[in-house]
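These notes concern the structure reproduced below.
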Amino acid sequence: MAFLDELRDFCAKVQVAPEDDGGLLDVAAILGDPEPDTLVYCCGPAGLLDAVEWRCASWPSGALRVERFSAGDQTVDPARDRPFEVELRPLGSGPRCGGRSSLAVPPGTSASRTLWTTSSVTPAGST
């Protein structure tokens with residue numbers, strides 16, 4: 001589990017609850033009712049964020065801050081969805097992406113997804 005060692009310093013204030021050990025979180029029980037100046041910072045998968053947003057919908061404005069792992073659903077104007085090319089450069093002495101110096105990205109996909117599906121190199125943010 002990422003950052004578990006770093007979180008040990010805060011063990012009195014941090015509860016780790018892996019879904020595979022205990023099932024889904026009881027968001028209502030964890031959050032309770034807001035007290036004055038309550039701030040909730042939440043990041044995680046869409047299902048968790050949706051549950052937290054639903055639970056906090058009646059809370060004071062600004063009481064909830066979320067960070068999503070993805071941009072969510074994006075509607076793209078088909079007239080503007082065109083192919084494009086990305087220039088690839090190795091970091092330091094790292095390998096080129098499959099020996100290529102550029103990547104053609106077709107309409108209807110992202111540069112990250114195209115790199116993921118056409119290369120053995122893992123795109124940033126995908127680990």
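Taking label positions 7 Å along the Cα-Cβ direction at both residue 59 and residue 85, the computed distance is 4.9 nm, reported to one decimal.
Oblate is the label for the range 22-74, because the ratio a/c of its alpha-carbon gyration tensor axes (a ≥ b ≥ c) is 1.5 or higher and a/b is not greater than b/c.
Peptide packing: for 29-41, 9-21, 53-65, the average count of neighbouring Cβ atoms within 10 Å per residue gives the ranking 53-65, 29-41, 9-21, highest mean first.
No lab work stands behind these numbers, since they all come straight from the coordinates. Values in this document were obtained by computation on a predicted structure and should not be read as measured data. Heads up, the Cβs are rebuilt from the backbone with ideal geometry, glycines too, and the neighbour counts pull from every protein chain shown.
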